[in-house]
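Chemist: I am attaching a structure below and will ask some questions about it afterwards.
The values are calculated or read from the model by the stated rules, or taken from the named source; none is laboratory data. Please read these numbers as outputs of a predicted model, since none were measured by experiment. Using ideal geometry, Cβ is built from the backbone for each residue, glycine included, and neighbour counts are taken over all protein chains shown. For the accessible areas, the whole protein counts, side chains as well, though only heavy atoms, and no ligand, DNA or RNA atoms are used. Shrake-Rupley method; radii C 1.70, N 1.55, O 1.52, S 1.80 Å.
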Amino acid sequence: MPMNSSRRPPAIAATLTERILKFKWKESFHPDSHGSAIFGTWAPKLYKFYGEYMDKVLEHNPSIYFNFPNSIFAAATFNFGPQTVALLHIDHLNYIYGWCSITALGNYEYRNGGHLILWDLKMVIEFPPGWTILIPSLFIRHGNTEIAPGEKRFSFTQYTSGSLFRYVDNNFRMRTQMSESENKEAATRQKERINEGLNLYSTLDELRDMYYNQ
């Protein structure tokens, strides 16, 4: 789960979340589907992998529904601020090779604050309100800089927990519901997935060939 610093009381945050999920976005602004579309464009093989697993989850339990009908991600976090600052962290519960969609919101001077920092890439990126970026948030350390007093910054993130993929692989069981031998088999599968996961990323040459040949 994305980590952040926020002072808003949980009860107020829960009420705001419920209102946002029911809110009818303007036609020109859908951060949920926008982040999902970016994911499908730049990582089509990984996006398909997500879709296959989400289909299995829904087939197993039809009562489950997505937060947003046009998003491939299973989970979302709203950071209400009013001056949301994400400290240096990795999202260790996310799928190991998964991407996290991060959308900045609010009213702040993005040239002076609110920059996205990717420590391992040694990058500091201007991140204006309304912009979205996707990163493999489990193994790239990230966070953002503070904004000026009186300014407001919120964020909206989408992601899918690695435990959901394991749940499907384990025949829709938790590890605590499995025998010792079954857990050993699951651990072996996990190691194989780590070796196979990078193959789900697309190279620029692959993307160029795919889109230019359409």
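Chemist: For ILE72, work out the one condition from (1) modelled with pLDDT under 95; (2) in a helix (DSSP H, G or I); (3) within 24 Å of ARG193 (Cα to Cα); (4) among the hydrophobic types (A, V, I, L, M, F, W, C) it doesn't fulfil.
Modeler: With (1) modelled with pLDDT under 95; (2) in a helix (DSSP H, G or I); (3) within 24 Å of ARG193 (Cα to Cα); (4) among the hydrophobic types (A, V, I, L, M, F, W, C) applied to ILE72, the lone miss is (2).
Chemist: Still on this structure: Looking only at the stretch 184-206, decide whether some residue is of a type in the set (Asp, Glu), open to solvent by 50 Å² or more (accessible area, probe 1.4 Å) and closer than 22 Å to ASP32 by Cα.
Modeler: Within the stretch 184-206, none of the residues are of a type in the set (Asp, Glu), open to solvent by 50 Å² or more (accessible area, probe 1.4 Å) and closer than 22 Å to ASP32 by Cα.
Chemist: Select from the stretch 96-150 the residues that are of a type in the set (Gly, Ala, Ser) and not in a loop (DSSP other than H, G, I, E, B) and write down the one among them that is most open to solvent (accessible area, probe 1.4 Å).
Modeler: GLY106
Chemist: Give the number of residues within the stretch 87-128 that are under 21 Å from GLY162 (Cα atoms), more than 12 Å from the chain's Cα centre (by Cα) and among the charged types (D, E, K, R).
Modeler: Final tally of qualifying residues: 0.
Chemist: Within the stretch 160-170, is even one residue touching a strand residue (DSSP E or B) at 6+ places or on another chain (Cβ under 8 Å), modelled with pLDDT of 85 or more, in a loop (DSSP other than H, G, I, E, B) and within 16 Å of GLU52 (Cβ to Cβ)?
Modeler: Yes, the stretch 160-170 has at least one match.
Chemist: Let me ask you something else. Can you tell me how many residues in the stretch 60-79 are open to solvent by 30 Å² or more (accessible area, probe 1.4 Å) and under 18 Å from GLU146 (Cα atoms)?
Modeler: Result for the stretch 60-79: 1.
Chemist: Also, I was wondering about something else. Suppose we filter THR84, THR77, THR17, THR41 for residues that are over 17 Å from HIS142 (Cα atoms) and modelled with pLDDT under 90; which single one remains? Full working, then the answer.
Modeler: Values: THR84 fails: over 17 Å from HIS142 (Cα atoms); THR77 fails: over 17 Å from HIS142 (Cα atoms); THR41 fails: modelled with pLDDT under 90.
Criteria check complete, one pass: THR17.
Chemist: As an exercise: evaluate ALA86 against (1) open to solvent by less than 60 Å² (accessible area, probe 1.4 Å); (2) without any contact (Cβ under 8 Å) to a residue 40 or more places away in the chain; (3) not acidic (Asp, Glu) and give the number of the one condition it does not meet.
Modeler: Single failed check for ALA86: (2).
Chemist: List pairs: first in the stretch 198-214 and part of a loop (DSSP other than H, G, I, E, B), second open to solvent by 90 Å² or more (accessible area, probe 1.4 Å), Cβ under 8 Å, 6+ apart or cross-chain?
Modeler: SER202/TRP42
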